[in-house]
Amino acid sequence: MIIAIDGPAAAGKGTLARSLAKRLGLAYLDTGLLYRAVGQKAQRQGLTPEEAARSLTAADLDQPGLRSEEAGQAASKVAAIQEVRQALLAFQRRFAAHPPPPAQGAVLDGRDIGTVVCPEASVKLFVTASAEARAQRRHKELRERGESSIYARVLEEMRARDARDQERAVAPLIPAADATVLDTTDLDADQALDVALALIASKNPA
Ligand code: CDP
């Protein structure tokens, strides 16, 4: 079973993907982390984004700072480059087809999982929420991590990143034609998980 979860920044994709993976015994891949690592590696090591993508290692995915908004912005800039996306595609598809044992399937979250990486996924969710709700969540998350954060700035930066992700020519952020849209504006994490589990059950009757 492959579950594809796409959506804009801070919509709750990661939390939902992690809970679904745990509940269903599936492996989880946070594909945004790959783009964050490419952006940060290019900046810190003075490489082109293409070089950073081609030379990406497990150690690059374990660097401090990858969850910062700065790394998110860097990620969305390198993510618009076709060669960067191409370099990361094989790894993502391999993970989906051969998840680390004993998992019998995988949950992947990102922007183009249902449209490009795993168009054959058995379940596709497009997780979204109002820009204000998403900025509020990201603001809270940053504060809880001890980072300084100004709500208005988070909202502005998130809007810029969403626009860049939606307007790019390669693999833009759009729901797959067969995706179910899950709006989490008024749902907490447990409620979003329940809705997703019900949908998965309806698509895979036991
Ligand atoms: O956690 P958040 O939703 O803020 O971002 P993320 O999922 O870590 O993704 C960071 C950036 O990577 C996004 O803004 C996209 O530009 C890019 N990305 C992408 O283009 N394709 C993916 N499959 C995943 C992320």
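No lab work stands behind these numbers, since they all come straight from the coordinates. Everything numeric here is computed off the predicted structure, so don't read it as measured data. Reconstructed Cβ throughout: ideal geometry from the backbone, glycine too, with neighbour counts over all protein chains shown.
Give the lysines reachable from LYS77 as a straight Cα distance under 29 Å; neighbours fewer than 8 places away on the same chain don't count.
LYS13, LYS41, LYS124, LYS140
Which of THR185, THR180, THR115, THR57 has the fewest other C-beta atoms within 10 Å, and how do the rest follow up to the most?
Fewest-to-most Cβ neighbours within 10 Å comes out as THR57, THR185, THR180, THR115.
Between the alpha-carbon centers of segment 168-203 and segment 14-56, tell me the distance in whole angstrom.
That distance is 20 Å.
Please rank VAL116, VAL127, fewest neighbouring Cβ atoms within 10 Å first, as an exposure proxy.
VAL116, VAL127
Normalising by the residue count of segment 2-203, find the relative contact order in percent from Cα pairs under 8 Å and 6+ residues apart.
33
Which order, highest average first, do 103-111, 141-149 follow once you tally other Cβ atoms within 10 Å for each residue and take the mean per peptide? Intermediate values should be presented prior to the final figure.
Numbers: 103-111: 23.3, 141-149: 11.6.
In decreasing order of mean packing, 103-111, 141-149 become 103-111, 141-149.
Roughly speaking, what is the stretch gain from ARG93 to ASP183, that is 0.36 nm per residue apart minus the C-alpha to C-alpha distance, in nm to one decimal?
The span from ARG93 to ASP183 would gain 29.7 nm if fully extended.
Can you give me the long-range amide H partners of SER130? Hydrogens built in the peptide plane at 1.01 Å from N, cutoff under 5 Å, separation of 5 or more residues or another chain.
So SER130 has HN proximity to THR185.
Mind ranking 64-74, 1-11 by how tightly packed they are, going by the mean number of other C-beta atoms within 10 angstrom, highest first?
Output ranking for 64-74, 1-11: 1-11, 64-74.
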